[in-house]
Amino acid sequence: MRISNSISRATVYCKRHGLAATICRAQLAGKRALFADRMLVFYCDLDERRLPQVNFPTALRVERLRALTELSAEHVQAITGFWNPKLANQNIRERFKKGASLWLVECEKKLAGYGWTLQGKTIAPYYFPLAPDDVQLFDFYVFPKFRGRAIHWILTSHILHTLAAEGRSRAFADTREWNQAQRASFTMTPFRLLGSVRTYHIFGQVLNCWVASKTADREQNDPLGRDGAMKILRSNE
Ligand SMILES: CC(C)(COP(=O)(O)OP(=O)(O)OC[C@H]1O[C@@H](n2cnc3c(N)ncnc32)[C@H](O)[C@@H]1OP(=O)(O)O)[C@@H](O)C(=O)NCCC(=O)NCCS
């Protein structure tokens, strides 16, 4: 990440939450960088016959956008407003320009979350090159009010089925090892852990060190998505 971006993010965070909260946030970022800096990389083979079927709740609707012109002002505000609006707007423009798709999920007509996909390449330097039919899933977000209802799982499953129907071959996604919510959600999706990797930047070179993972088996999914189904049921009660 560029230093100017880090400064911009810290400034916006400080304006929004105050100095004390910014110092706490910086300490947390430091702890994570020192003690939980690995990325967990996941893959999913996009074979429609093998992807578990998901009963799509009627209250949810997913829309795929391929250009900035398709994004309403209201949705731009929702997606950029909670973070750093300048950087978030810049990201959206760059992503569409690179050919990425933005997937919006609405719950009872209210924007509940979103995620991005990019085919044949990755949005930033990755751990390995992607083949033309591979797809990267990145930057998923569920708005706080909608969390814990398995919306990430539903959105991810919908995207994987759509990509499989289009004939794509493999999907990749990653998450930081400290992100328990994202890891918990991945265990319900058809994604499988490929490995964990630590990245070093040395004199302008990027060095990726793969770490043998003893947790790989435990990170495997519940193939029937039972936990997810239970959550949906709970949220509908
Ligand atoms: C990670 C994220 C996308 C998961 O979305 P989600 O739809 O809430 O996912 P799930 O409903 O499957 O919940 C996942 C876990 O988050 C926990 N959780 C996090 N916040 C919660 C909340 N406000 N209410 C209830 N549960 C919450 C749940 O307990 C669940 O863990 P469990 O399966 O052990 O019970 C969402 O938490 C999020 O947007 N986080 C911030 C952005 C982020 O980290 N994105 C991923 C990296 S790009």
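Every number here is computed from the coordinates shown, using simple stated rules; none is lab data. Worth saying up front: this structure is predicted, and the values here are computed from it rather than measured. With ideal geometry, Cβ positions are generated from the backbone for all residues, glycine too; neighbour counts draw on all protein chains shown.
For region 36-236, relative contact order (Cα pairs under 8 Å, six or more residues apart, normalised by length) works out to 29 percent. Sorting 182-195, 163-176, 90-103 by average packing, meaning the other beta carbons within 10 Å per residue, from highest down gives 182-195, 163-176, 90-103.
What the phi angles of region 191-201 give under the Karplus curve with 6.51, -1.76 and 1.60, with θ = phi - 60°, is a coupling list of 5, 10, 6, 8, x, 10, 9, 10, 10, 10, 10 Hz, glycine and proline written as x.
For region 36-236, the Cα-based Rg and Dmax, in that order, read 16.8, 53 Å. If you take all other residues with their beta carbon under 10 Å from the beta carbon of H75, and give Lys and Arg +1 and Asp and Glu -1, the sum is -4.
In the neighborhood of W210, defined by Cβ-to-Cβ distances under 13 Å, what is the net charge if each Lys or Arg adds +1 and each Asp or Glu adds -1? For residues surrounding W210, the net value is +1. Ordered by the count of other Cβ atoms within 10 Å of each Cβ, fewest first, R149, R49, R61 give R49, R61, R149.
Evaluating 6.51 cos²θ - 1.76 cosθ + 1.60 at θ = phi - 60° for every residue in region 133-142, the Karplus couplings come out as 9, 7, 10, 9, 9, 8, 6, 8, 8, 10 Hz, glycine and proline recorded as x.
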